[in-house]
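Please read the structure below before turning to the comments.
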Amino acid sequence: MIEPVNKNTLTIAVSKGRIFKELLPMLNKAGIVPVDDPDTSRKLILETNQPGIRLIIIRAADVPTYVEYGAADVGITGKDVLLEHEGTELYEPLDLGIARCRLMLAEPVGAPRVSGRLRVATKYLNSTRKYFAARGIQVEIIKLYGSMELAPLLGLTDKIVDLVDTGNTLKANGLVAVDTICEISSRLIVNKAAMKMKKNMVKQLIDSFSAAITR
Ligand code: ATP
Ligand code: PRP
């Protein structure tokens, strides 16, 4: 565990792209304005207008790891990512209501009933395992890192578990959603030690994000 040393600094872990875009107005409302835009800058540490507050730009799936170990004090990441993360040194105090989508089970339109053991492609191993275990269904899960929609089209698997928002990606690939596994949105996560040692800064951030949430 990395001990948070300076009580007056706050390191916020975020991923670029979709989450950052939706988070930016909330950061601005909290009075935090990044000096650079992560989508155009190659910098991985972004200073902000507030001397003690910096953003680190990492992959969405790495956000819980940085926060867990205290390398970042707080982070913003999707519930889908948190469901895959096994750590215990995190608090999840706030649903930011951004980057909303659903984790869904999908299959090719008109797919025949699967005889034999079901094969499912996903990058969400934990959520998929739990979903099928809860239903007593034997399943072979094939781990992919992206473009899950392709797997049933080429006969790699019978179904997929992936994120769905508009449904356009499923539709464009001849797939249809058959069940919702979980509603997803981005959450604020906080390192347990930072929650104590940087209580004031963290509380201020939670309060101003709370006030900026649009439901
Ligand atoms: P990486 O780019 O690091 O491989 P990624 O492709 O999952 O990760 P994004 O596509 O930016 O990164 O997704 C980040 C988060 O945004 C996801 O973990 C999820 O919570 C949410 N998300 C993903 N796809 C959608 C979508 N189509 N609509 C709304 N939110 C989404
Ligand atoms: C995500 C997700 C789906 C798509 C769903 O991919 O993995 O493929 O969005 O959104 P839709 O229902 O609105 O079509 P993303 O756009 O992040 O691309 P990626 O494969 O690079 O992650």
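Quick notes
- Filter pass, V139 being closer than 16 Å to L103 by Cβ, in contact (Cβ under 8 Å) with a residue 40 or more places away in the chain and not hydroxyl-bearing (S, T, Y): no
- Pairing residues of segment 17-29 that are surrounded by fewer than 17 Cβ atoms within 10 Å (Cβ to Cβ) with residues that are not in a helix (DSSP H, G or I), at Cβ distances under 6 Å and at least 6 apart in sequence or on separate chains, gives R18/A99.
- Summed over segment 45-61, the residues that are touching a helix residue (DSSP H, G or I) at 6+ places or on another chain (Cβ under 9 Å) and either closer than 22 Å to E84 by Cα or part of a loop (DSSP other than H, G, I, E, B) (or both) give a count of 6.
- Some residue of segment 136-147 being assigned by TED's automatic domain parsing to the domain that holds R18, within 16 Å of ligand 1 (Cβ to nearest atom) and within 30 Å of A71 (Cβ to Cβ): no
- Restricting attention to segment 8-29 and to residues that are assigned to a loop (DSSP other than H, G, I, E, B) and either within 16 Å of ligand 2 (Cβ to nearest atom) or in contact with a strand residue (DSSP E or B) (Cβ under 9 Å, 6 or more places away or on another chain) (or both), the residue that is nearest to L96 (Cα to Cα) turns out to be S15.
- Checking R42 against (1) of a type in the set (K, R); (2) farther than 30 Å from L156 by Cβ; (3) assigned to a strand (DSSP E or B), the condition it does not meet: (3)
- Residues of segment 37-64 that are under 24 Å from K79 (Cβ atoms), out of contact with any Pro (no Cβ under 9 Å at 6 or more places or on another chain) and not small (G, A, S): P38, D39, I56, I58, R59, D62, V63, P64.
- Exactly one residue out of K143, K192 is more than 14 Å from ligand 2 (Cβ to nearest atom), farther than 30 Å from A212 by Cβ and within 23 Å of the chain's Cα centre (by Cα): that is K143.
- Where a residue in segment 162-189 is free of Cβ contacts under 8 Å to residues at least 40 places away in the same chain and its partner, wherever it lies, is near ligand 2 (Cβ under 10 Å from one of its atoms) and not in a strand (DSSP E or B), with Cβ under 6 Å and at least six apart: T169/E149; N173/E149
- Taken over segment 31-90, residues that are closer than 30 Å to I181 by Cα and at pLDDT below 95 amount to 4.
The values are calculated or read from the model by the stated rules, or taken from the named source; none is laboratory data. Everything numeric here is computed off the predicted structure, so don't read it as measured data. Reconstructed Cβ throughout: ideal geometry from the backbone, glycine too, with neighbour counts over all protein chains shown.
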